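Novice: Sharing a structure here in structure tokens format.
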Protein chains: 2
Amino acid sequence: MKNNYPIDVRNKVKRVPKRGHYDRATIYPILDAAFLCHVGFSVDEQPFVIPTAYGRKDDTIYLHGATTSRMMLNLEKGIPVCLTVTHLDGLVLARSAFHHSMNYRSAVVFGTARLVEGEEKLEGLRIVSEQILKDRWDESRQPIEKELKATTVLRLDIDQASAKIRTGGPGDEKEDYALPIWAGVVPCELKWGEAEADERLTPGIETANSVKQLLSRL
Amino acid sequence: MKNNYPIDVRNKVKRVPKRGHYDRATIYPILDAAFLCHVGFSVDEQPFVIPTAYGRKDDTIYLHGATTSRMMLNLEKGIPVCLTVTHLDGLVLARSAFHHSMNYRSAVVFGTARLVEGEEKLEGLRIVSEQILKDRWDESRQPIEKELKATTVLRLDIDQASAKIRTGGPGDEKEDYALPIWAGVVPCELKWGEAEADERLTPGIETANSVKQLLSRL
């Protein structure tokens, strides 16, 4: 039995249902392989989609931002939120224009957010930081009271979610396979470049371990 | 005089206003350097954020999808839409946890969509295709009537937009520069890998020019 999120009209993948997934074992890795999401919320029926960093722990997504941020001020009211993470994995080139596609992994999360304070606030910040760059939190100068006061941390408990995944080559119409048109996949991924030290870096300080770990994964 | 979109509370960048831009000369290149956006819309106060391909021409964004797609069916009603494009350019590692940031270019577009038919429908499809992979449209077997009927093309005229851009190294508190903590930037970008021919490709067909052009830009 899969550990599924509840499925209804809100999160059900309608188009190409076989690409839809609702189990945590599929959705968590998609969420964990990124740290940038697009958060959707509405104010007076006007939707906003804002890119922001996040961190996941179990069924909770932590978001952080300035206390003055419009997004944070709206989200902390507990309005409905949709949070989407997309990994583009490649272009899928078919023989027909119609059957062109992309390979991707995306996760769409539904829930509402609420403010956290105290220990959980600091832990939320650490979880976001760890998701962006493992071990950087412990390398950094820790937040002081003034900085914590300027920061809002929200937890969004996942009510529902779905993933949509496409992999593999093009699927053309039977009669199109004979056409003299190249078809295939051009894969892509986000790649890290060489670390650039701050020009004000004190001489003699070695590149951070967190960065070395990131670049050694290349 | 800059060729700005109108600015009001909807598109004004509140947080770090100096990173906000409203002129087409800044916003168009951000839109043109991607082909995947996140479209936000609301149904009964529930926001949805869906990743999808797009193409821009002047102040119009074309979207395409299956006629049965929930997003397309809702968007064609002319409801308010927010369409966001984000390029992640790097991690900005400061000495303090608080001053960590990212380098990025994002564009947030507001407008409403409407269905297009006939010549503009085909032209909209071509514009989306060209944005994804230049010259692929002409290489491909063109759409037939049945395929066009299964496809919805929408044009979203940009009412308002804003861009937000961060570049450069970390900005730390004065007293933190002396800390023995590495600081700097780790750049990143989406990279294309080697093209993988479809296993059913007729032997002897050379890699498409569109793909060669894409890969020669690396």
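Just so you know, all these numbers are worked out from the coordinates, no wet-lab data involved. None of the values given here were measured: they were computed from a predicted structure. Ideal geometry is used to build each Cβ from the backbone, glycine not excepted, and the neighbour counts take in all protein chains shown.
Novice: Just how large is the dipole of segment B:101-203 about the Cα centre, in debye to the nearest 20, putting +1 at every Lys and Arg Cβ and -1 at every Asp and Glu Cβ? Intermediate results must be reported in sequence, preceding the final value.
Specialist: Working: 15 positive and 21 negative charges, 44 e Å.
So the magnitude is around 220 debye.
Novice: Specify which residue in the list B:PHE35, B:GLN46, B:VAL13 is farthest towards the positive end of the charge dipole of segment B:1-81, using unit charges on the beta carbon of Lys, Arg (+1) and Asp, Glu (-1), about the Cα centre.
Specialist: B:VAL13
Novice: If R₀ is 30 angstrom, what is the calculated FRET efficiency for the pair A:SER216 and A:LYS14, using the beta carbon separation as r and rounding to 0.05?
Specialist: Efficiency for this residue pair is about 0.15.
Novice: How far is B:GLN46 from the same spot in each other copy, in nm, shortest first, if each label point sits 7 Å from Cα toward Cβ?
Specialist: 2.5
Novice: Under the definition of Cα pairs under 8 Å and six or more residues apart, what whole-number percent is the relative contact order of chain B?
Specialist: 26
Novice: What value, in deg cm²/dmol to 500, does the helix sum -39500 (n - 2.57) over DSSP H runs of n ≥ 4 give at 222 nm once divided by the residues of chain A?
Specialist: -5500 deg cm²/dmol
Novice: Can you sort B:LYS174, B:LYS134 from fewest to most other Cβ atoms within 10 Å of each residue's own Cβ?
Specialist: Neighbour counts put them in this order, fewest first: B:LYS174, B:LYS134.
Novice: How do B:ARG114, B:ARG136, A:ARG70 rank when sorted from fewest to most other Cβ atoms within 10 Å of their own Cβ?
Specialist: Going from sparsest to densest Cβ surroundings: B:ARG114, A:ARG70, B:ARG136.
Novice: OK, next. Counting only residues 5 or more places away or on other chains, whose amide H sits under 5 Å from the amide H of B:ASP198 once H atoms are built in the peptide plane?
Specialist: Sorted by chain and number, the residues that satisfy this are A:ALA183, A:GLY184, A:VAL185.
Novice: Also, quick follow-up: Order of B:ARG200, A:ARG19 from fewest to most other C-beta atoms within 10 Å? If you can, show how the numbers build up before the last one.
Specialist: Working: B:ARG200 13, A:ARG19 16.
In increasing order of surrounding Cβ atoms, one gets B:ARG200, A:ARG19.
Novice: How long are the semi-axes of the equivalent ellipsoid of segment A:165-218, taking √(5λ) for every eigenvalue λ of the Cα gyration tensor, in whole Å from largest down?
Specialist: 47, 11, 7
Novice: With each label point set 7 Å from Cα along the Cα-Cβ vector, what nm distance links A:ASP23 and B:GLN46?
Specialist: Placing both labels 7 Å beyond Cα along the Cβ direction yields 2.4 nm.
Novice: Could you run the Debye sum over the Cα atoms of the protein assembly as shown, one equal point scatterer each and no solvent, and tell me log10 of I(q)/I(0) at q = 0.07, 0.08, 0.13 Å⁻¹, two decimals?
Specialist: -0.35, -0.47, -1.24
Novice: Now for a separate question. If Rh is defined by the Kirkwood formula over all Cα pairs and Rg also comes from Cα, what ratio Rg/Rh do you get for segment B:1-108?
Specialist: A ratio of 1.01.
Novice: Hey, can you list the DSSP H helices of chain A whose Cα span along the axis is 18 Å or longer and whose average Kyte-Doolittle score is at least -1.0?
Specialist: Long hydrophobic helices here: A:118-132.
Novice: In the neighborhood of B:LYS149, defined by Cβ-to-Cβ distances under 14 Å, what is the net charge if each Lys or Arg adds +1 and each Asp or Glu adds -1?
Specialist: That sum, taken over residues with Cβ under 14 Å, equals -1.
Novice: Please give me the summed charge of the neighbours of A:VAL49: other residues whose Cβ is under 13 Å from its Cβ, Lys and Arg +1, Asp and Glu -1.
Specialist: +3
Novice: Find me the longest stretch of chain A that has none of the exposed GluC sites (Glu not before Pro), where exposed means in a DSSP loop (not H, G, I, E or B) with at most 12 other Cβ atoms within 10 Å.
Specialist: Value returned for the longest uninterrupted segment is A:118-193.
Novice: I want to check the label-to-label distance for B:GLU119 and A:GLU173. Put each point 7 Å from Cα in the C-beta direction and report it in nm to one decimal.
Specialist: Spacing of the two 7 Å Cα→Cβ label points: 2.5 nm.
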